[in-house]
Amino acid sequence: MKALVYHGPKKVSVDKVPDAKLEKLTDVVIKLTTTNICGSDLHMYEGRTDVEKGKILGHENLGEVVEVGKAVDTVKKGDRVVLPFNVGCGFCANCERGLSGYCLTCADPKVMPGMAGAAYGFAGMGPYSGGQAEYLRVPYADYNCLQLPEDADEKEKDYVMLADIFPTGWHATRLANLQPGQSIIIFGAGPVGLMAAMSARIQGASQIFVVDGQPDRLRLAREIGATPIDDKDDDVGDQIRAATGGLGADCGAECVGYQCHNGHGKEVPNITMNALVDAVKATGSIGVIGVFVPQDPHAQDKLAKKGQIAFDFGKFWFKGQKMGTGQCNVKAYNRRLRDLIHFDKANPAVIVSHELPLMEAPDAYKHFDNRDKGWTKVVLHPHAA
């Protein structure tokens, strides 16, 4: 089969690789009809992780079941399914608690002591191949496959967002403890930040501020219902306090991660975290779903090399704020978010800028990594001509 393979920093290509196949009785194989390029794929593409050469990338996957293991009960051949980017077992202590992003069964313990969590095609998240390919093996299929309703073809671009960015945006608001009628500031108008804004709107936020430096992304934030804040303008904290009676936003979300930049394009690893502490009110909550890593050997900042940042903990403590962190437990949300799409209450595909065949993926990675104008969200169709 054909798949997008990592060969080194900024070197990916579509290669012939061994076909995906059943390895356990609890597996299925799906024929991928849609798979996305995610912003977190760029960390690997740029060589900012320890992902091994030869890895098939891609963790936002949707397709049709074509093979079914004999121990699979609920998933049938021909089902249209979307997969959480997390690979979970469904029966470990964390999965039982709804923490599918921290599965103990599927984790790779060699990564770090006490490691939990696994994902398709991602550095340090187990041996699982990614879905930027024609076919994909799905472990523990009864748990990991979310079956789609009869409008799966019509709304395929919406449903594929259930693999990662829509639940992750929603998770950001839950980590931030957003309540109806409250205000929220979101750093980052990439796909996840935009999904956090959409999630906040659905949940009844009174004010939604989205901070970014890209005009095309800020325009999308406004279309979704947020107030765009250009980080090249005056101090963000001052702008938010001016709009909230001098108090600051009730809560905030970090949707950028460890490669965040200042308004002049310079990478400053601590800038969004400290800006959130400043812009969120005293006693407010902060949700952090932007990717931060235990080590970043290629960082220019000495602390960042060790996965550390210079954090304004004194201000954070003095303001009595709270923080929630970590990757999204997609299974905790995706069934209900699927129904929001089905009943026309959410349309996450509004952010899609490009639909391309798999063969054009290497070029798409270049454009997306360069933050070229208009390249907001790339959807790939592995079986398109």
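From the square roots a ≥ b ≥ c of the eigenvalues of the alpha-carbon gyration tensor of the range 157-290, which class results: rounded (a/c under 1.5), prolate (a/b over b/c), or oblate? Here the range 157-290 falls in the rounded category.
Between residue 295 and residue 235, the distance separating the two model label sites (each 7 Å from Cα on the Cα→Cβ line) works out to 3.8 nm. For the range 357-385 and the range 235-279, what is the separation of their C-alpha centers, rounded to whole Å? Cα centroid of the range 357-385 versus Cα centroid of the range 235-279: 29 Å apart.
Could you order 292, 166 by accessible surface area, starting with the largest, using a probe radius of 1.4 Å?
Correct descending sequence by accessible area is 292, 166.
To the nearest 10, the accessible area of residue 73 is 110 Å² with a 1.4 Å probe. For a quick check of understanding: with a 1.4 angstrom probe and all protein chains in place, what accessible area in square angstrom does residue 102 have, to the nearest ten? Spelled out: residue 102, probe radius 1.4 Å, area about 70 Å².
Is the shape of the range 227-385 best called rounded, prolate or oblate, per the rule: a/c under 1.5 gives rounded, else a/b larger than b/c gives prolate, else oblate, with a ≥ b ≥ c the square roots of the Cα gyration tensor eigenvalues?
Details: a/c = 1.82, a/b = 1.40, b/c = 1.30.
Cα axes put the range 227-385 in the prolate bin.
Accessible surface computed residue by residue for the chain, with neighbouring protein chains in place and a 1.4 Å probe, gives 42 Å² per residue. Distance distribution note for the range 98-235: the fraction of Cα pairs above 25 angstrom is 43%.
Summarising the label geometry, the points placed 7 Å from Cα in the beta-carbon direction at residue 7 and residue 266 lie 3.6 nm from one another. In terms of its C-alpha gyration tensor, the range 18-160 has an oblate overall shape, because the principal axis ratio a/c (a ≥ b ≥ c, square roots of the eigenvalues) is not below 1.5 and a/b does not outweigh b/c. Roughly how big is the range 256-324's charge dipole about its Cα centre, with Cβ charges of +1 (Lys, Arg) and -1 (Asp, Glu), in debye to the nearest 20? Charge dipole of the range 256-324: 180 debye, to the nearest 20. Multiplying the residue separation of residue 64 and residue 243 by 0.36 nm and removing their Cα-Cα distance gives an extension gain of 59.7 nm. For the cross-link pairs 232/281; 31/53; 322/366; 266/331, the ones whose C-alpha atoms lie over 31 Å apart are 322/366; 266/331. Put simply, the C-alpha atoms of the chain give a gyration tensor, and the ellipsoid matching it has half-axes of 33, 22, 21 Å, longest first.
Against the criterion of solvent-accessible heavy-atom surface with a 1.4 angstrom probe, 309, 286 sort, most first, into 309, 286.
Counting heavy atoms of the protein chains alone, residue 331 has an accessible area of about 60 Å² for a 1.4 Å probe. For the range 177-314, the Cβ-based charge dipole about the Cα centre amounts to some 260 debye (Lys, Arg positive; Asp, Glu negative; other atoms uncharged). What you get for the chain, charging only the Cβ of Lys and Arg (+1) and of Asp and Glu (-1), is a dipole of about 660 debye around the Cα centre.
Of 335, 48, the residue with the largest accessible area leads and the full order is 335, 48 (1.4 Å probe).
A straight line joining the Cα centroids of the range 77-113 and the range 308-331 runs 24 Å. Computed in the context of the full set of protein chains, the accessible area of the range 243-322 at 1.4 Å probe radius has 59% of its extent on carbon or sulfur.
Rank-order 266-272, 378-384, 91-97 by packing density, defined as the average count of other C-beta atoms within 10 Å over each peptide's residues, highest first.
Those peptides, ordered most packed to least, come out 378-384, 266-272, 91-97.
Full extension of the chain between residue 355 and residue 108 gives 85.6 nm of extra length, using 0.36 nm per residue less the Cα-Cα distance. Here residue 76 and residue 373 are evaluated by their C-beta separation; at R0 = 30 Å the FRET efficiency comes out at 0.10. For the chain, the residue among 367, 78, 128 whose Cα projects farthest onto the positive side of the dipole built from Cβ charges is 128.
How long is the gain from residue 318 to residue 154 if the chain were fully straight, where each residue apart is worth 0.36 nm and the alpha carbon distance is subtracted?
54.0 nm
Taking the DSSP bridge list for the chain and keeping only pairs wholly inside it, about 55 percent are antiparallel.
Ignoring ligands, DNA and RNA, what percent of the 1.4 Å accessible area of the range 88-158 is carbon and sulfur?
That fraction is 53 percent.
Using the rule -39500 (n - 2.57) for each DSSP H run of four or more residues, divided by the residues of the chain, the 222 nm mean residue ellipticity is -6500 deg cm²/dmol.
The values are calculated or read from the model by the stated rules, or taken from the named source; none is laboratory data. A quick note: this is a predicted structure, and the numbers were derived from the prediction, not measured. For neighbour counting, all protein chains shown are included, and Cβ atoms are generated from backbone atoms with ideal geometry for every residue, glycine included. Ligands, DNA and RNA are excluded from the accessible area calculation, which covers all protein heavy atoms including side chains. Shrake-Rupley method; radii C 1.70, N 1.55, O 1.52, S 1.80 Å.
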